[in-house]
Amino acid sequence: MIELRTMGAGQHNLIAPSLLAADFANLQAEMEWFNRSEADWLHLDVMDGVFVPNISFGFPVLEHVARLTTKPLDVHLMIVQPEKFISQVRDLGAAVMNVHQEACVHLHRTIQQIHEAGMRAAVTLNPSTPVSTLEDVIGDVDVVMLMTVNPGFGAQKFIEHSLEKVSRLRELIAKAGSKALIEVDGGVNRATAPSLAAAGVDVYVAGSALYGKPDPCAEVVALKRLTAV
Ligand code: DX5
Ligand code: ZN
């Protein structure tokens, strides 16, 4: 299992480019800059058209992408019944399996099964789902990801209310003595990153702020600087 706290030179400002914003006709080139960059994790958004109103890519694509990097994969499953795919995500070599609280009827069991499969367990909350819904599992999760837009699409506007939510999550984690990292996904860019860092975020997913830019590696460096702890 990856050592979460010592990654990124021991800093808690990990940058996770979201492949959803990549040029899918040029994945090799997109993976080339990713590998060369200071990015820490690769964030992979799987959508089923049921849990979210969009469909992205699935395992056949992910298997090819996974072979093109040695950096940790953070697989964000925006699908119903994600527990059905634990072994497939493990077989990709994923470091972090990221499931939605709203999609898991037996969340505690799913977290256990992700751990048994040798992966870190991340639980994601939609913007409308309160942090308090994780009270009884906070000691068991490795990462809590807050959606800072409604899931399903890239390049949406950051929901400002998320900043308060990060603070509330931080309190919950501290109160429980949990070691969970805080990850945010959606609308992360040069403008929103500093306030997220001030609120206590550890992992920053960024799609449209990186892909398609003239120098994505420089954008990663900029986000690293703006979120330095
Ligand atoms: C949205 C996805 C995100 C998305 C973020 O449902 O989970 O990972 O790629 O895109 P940006 O960074 O453009 O908001
Ligand atoms: Zn995502």
Exercise. Could you tell me whether any residue of segment 75-84 is closer than 25 Å to Ala176 by Cα, in contact (Cβ under 8 Å) with a residue 12 or more places away in the chain and not in a loop (DSSP other than H, G, I, E, B)?
Key: yes
Quiz item: Taking interchain pairs and intrachain pairs at least six residues apart, which have beta carbon atoms under 7 angstrom, with the first residue in segment 205-216 and of a type in the set (Val, Ile, Thr) and the second in a loop (DSSP other than H, G, I, E, B) and within 6 Å of ligand 1 (Cβ to nearest atom)?
Solution: Val205/Val188
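Scan segment 41-49 and tell me whether some residue there is charged (D, E, K, R), within 16 Å of ligand 2 (Cβ to nearest atom) and either surrounded by fewer than 19 Cβ atoms within 10 Å (Cβ to Cβ) or not in a loop (DSSP other than H, G, I, E, B) (or both).
Filtering segment 41-49 down to residues charged (D, E, K, R) leaves 45, 48.
If we keep only those that are within 16 Å of ligand 2 (Cβ to nearest atom) as well, we get 45, 48.
With either surrounded by fewer than 19 Cβ atoms within 10 Å (Cβ to Cβ) or not in a loop (DSSP other than H, G, I, E, B) (or both) added as a condition, the list becomes 45, 48.
Yes: segment 41-49 contains one or more residues that are charged (D, E, K, R), within 16 Å of ligand 2 (Cβ to nearest atom) and either surrounded by fewer than 19 Cβ atoms within 10 Å (Cβ to Cβ) or not in a loop (DSSP other than H, G, I, E, B) (or both).
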Exercise. Could you tell me whether Thr69 is away from ligand 2 (no atom under 14 Å from the Cβ), in contact (Cβ under 8 Å) with a residue 12 or more places away in the chain and assigned to a loop (DSSP other than H, G, I, E, B)?
Key: yes
Practice problem: Please work out which residue is nearest to ligand 1 (Cβ to nearest atom), limiting yourself to segment 121-141 and to residues that are under 14 Å from Thr110 (Cα atoms) and under 12 Å from the mean Cα position of the chain (by Cα). | Solution: Thr124
Self-check item: First in segment 125-142 and farther than 13 Å from Val166 by Cβ, second anywhere and among the small types (Gly, Ala, Ser) and in a strand (DSSP E or B), Cβ under 6 Å, 6 or more apart
Solution: Val141/Ala121; Asp142/Ala121
Practice problem: Just give me the residues in segment 184-218 being more than 16 Å from ligand 2 (Cβ to nearest atom) and not hydrophobic (A, V, I, L, M, F, W, C), in sequence order. | Solution: Arg190, Pro194, Ser195, Gly200, Gly212, Lys213, Pro214, Asp215, Pro216
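Residues to consider are Val123, Val105; find the one that is buried (at least 16 other Cβ atoms within 10 Å of the Cβ), β-branched (Val, Ile, Thr), on the phi < 0 side of the Ramachandran plot and at pLDDT 95 or above.
Values: Val105 fails: buried (at least 16 other Cβ atoms within 10 Å of the Cβ).
Val123 is the lone residue from the list that is buried (at least 16 other Cβ atoms within 10 Å of the Cβ), β-branched (Val, Ile, Thr), on the phi < 0 side of the Ramachandran plot and at pLDDT 95 or above.
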Self-check item: Residues that are of a type in the set (A, V, I, L, M) and farther than 10 Å from Leu42 by Cα, drawn from segment 66-87
Solution: Leu68, Leu77, Met78, Ile79, Val80, Ile86
Quiz prompt | In segment 87-97, the residues that are surrounded by fewer than 19 Cβ atoms within 10 Å (Cβ to Cβ) and either in a helix (DSSP H, G or I) or at pLDDT below 95 (or both) | solution = Ser87, Gln88, Arg90, Asp91
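The values are calculated or read from the model by the stated rules, or taken from the named source; none is laboratory data. Computed from a predicted model, the values in this text were never measured in an experiment. Heads up, the Cβs are rebuilt from the backbone with ideal geometry, glycines too, and the neighbour counts pull from every protein chain shown.
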